[in-house]
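The values are calculated or read from the model by the stated rules, or taken from the named source; none is laboratory data. Keep in mind the model is a prediction, meaning the values are calculated, not measured. Quick reminder, even Gly has a Cβ in these numbers, built from the backbone with ideal geometry, and neighbours come from all protein chains shown. Each accessible area value is taken on the protein alone, full model and side chains, heavy atoms only, with ligands, DNA and RNA left out. Shrake-Rupley method; radii C 1.70, N 1.55, O 1.52, S 1.80 Å.
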Amino acid sequence: MNILRNDIDAVSAQVTITIEESDYAEKVDKTLRDYRRKANIPGFRPGMAPLSLIKKQYGRAVKAEELNRTLQDAIYNYIKENKLDILGEPLPVDDQEKVDFANDTKFDFKFDIGLAPEYEPVINKKDNLKYYNVKVSEEMIDNQVKNYAERFGNYSEVDEAHGKDMIKGSMVELDADGNVLEGGISIAETTMAADYIKDEEQKKLLEGAKKDSVVRFNPKKAYNSDIELSTMLKITKEEAANLTSDFNLTINSITHYTPSEIDQTLFDKVYGKDTVKSLEEFRTKVAEGIAKNYKEDSEYKLGLDAKALAIKKMSKLVFPEDFLRRWLLATNEKMTQEQLDRDFPAMLDDLKWYLFKNRIAEANGIKVETDEVRAFARRMARMQFAQYGMTEIPDNILDNYSAEMLKKEETIRNITEKVIEEKVVDIMRNAAKLTETEVTVDEFNKLFE
């Protein structure tokens, strides 16, 4: 076997692998003899068919398979032994001569490879990064206290419907004269709230309605949505589109929701018994929670800025763009040329960041321990709960939830990459000139526009 490398430029090369008969013949012969021992061919006892017959039937396929295996081992061993920092994977040269597996004994295979540019990442005090501390306002605290009061409120049965009160009842379709339509739509139980009705006239019909009363209204006018109507009346969207009838709603029950009083009972529900014992302590705890949530966002913003700094530093480097475009199309069946043209600049930026952070990680001996992966998974779990306003989640629930996440190998790989990225950003934070600045939540949100 012979391997030759021809450098096209600093980041592109072509590798030619010449495979001689001596590189594969012995393995092909062994495989065919194994086939012979297992073959059950009519006219011959099991395992006694002539080897020549086995070669005739299977020789070409076995030879092709062994050549492919030998070729793959050769190219990847060559890359490993020569410590080539390749991008993507080797691609067969387009204008390669057709291979005749049946008659040829010597084969030349050519591959294009893309190489990462040589680069040593450097971050120093000449580089600037900003860290944004979001100021927690009294309004933000007020809104969160209100949210807690809403979340931990109480339901009660009332006799008259107002606002967002939930009305449960049965519905029957009426004819033009206001009588029950024979064979019409009849729903034994449905739920609605006057506050969610779009049409003001229909809303007024339910506002102030009493338990056990019958209200005539038009659901089509009330909701003006075929999807909502089909769900409420259990009919198809096509039927909902053609529906114009009034209905009688017989109100069976009305449920009113009352927000919690802002007292010790609420404090205990949110933070655990006697963790806070006054409104002042409660608001302080709420402010700490808001600040903690925004700290995650501030770290995320710092990560974006660190990535942008890295990409800027690598902007003058040359990449094998033609090879990368070809590789992306070859390895992504669903990707079109139009999608590639649109998304390639962002993909190239992601590649620059990937190389930058990996070289910093390698230079600093960054490793990721199992405990760090578990801790990050718990953070992810906590953040997912927080999206639904659930900020005080018991440790055992977080542990169970994160353990489920880590059952997937892909999740473990993604988290490992995220932990590496955080460590690289920390190195960049300490090496660069970091300026901390306080901003309002509106100012902070505008940074992402």
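Couple of notes before you dig in:
- Of all residues in the range 108-136 being open to solvent by less than 40 Å² (accessible area, probe 1.4 Å) and either polar (S, T, N, Q) or within 22 Å of V424 (Cβ to Cβ) (or both), the one that is modelled with the lowest pLDDT: P121
- Screening S298, S245, S253 for residues that are over 30 Å from Q144 (Cβ atoms), not in a strand (DSSP E or B) and not hydrophobic (A, V, I, L, M, F, W, C) leaves exactly one candidate, S245.
- If you check D159, D212 for being open to solvent by 80 Å² or more (accessible area, probe 1.4 Å), touching a residue at least 24 places away in the same chain (Cβ under 8 Å) and at positive phi, only one passes: D212.
- Of all the listed residues (D212, D268, D274, D195), the sole one being over 14 Å from G169 (Cβ atoms), in a loop (DSSP other than H, G, I, E, B) and among the acidic types (D, E) is D274.
- Selection within the range 29-57 - over 19 Å from F101 (Cα atoms), open to solvent by less than 50 Å² (accessible area, probe 1.4 Å) and touching a helix residue (DSSP H, G or I) at 6+ places or on another chain (Cβ under 8 Å): A39, I41, G47, A49
- Conditions (1) out of contact with any strand residue (DSSP E or B) (no Cβ under 8 Å at 6 or more places or on another chain); (2) surrounded by fewer than 16 Cβ atoms within 10 Å (Cβ to Cβ); (3) free of Cβ contacts under 8 Å to residues at least 60 places away in the same chain; (4) over 30 Å from P394 (Cβ atoms); number of the one not met by A188: (1)
- Considering residues of the range 321-357 that are open to solvent by 40 Å² or more (accessible area, probe 1.4 Å) and among the basic types (K, R) only, the residue farthest from L91 (Cα to Cα): R342
- Looking at V318, V368, V373, just one residue is surrounded by 16 or more Cβ atoms within 10 Å (Cβ to Cβ) and part of a loop (DSSP other than H, G, I, E, B), and that residue is V368.
- Hey, I393 assigned to a helix (DSSP H, G or I), of a type outside the set (F, W, Y) and surrounded by 11 or more Cβ atoms within 10 Å (Cβ to Cβ) or not: no
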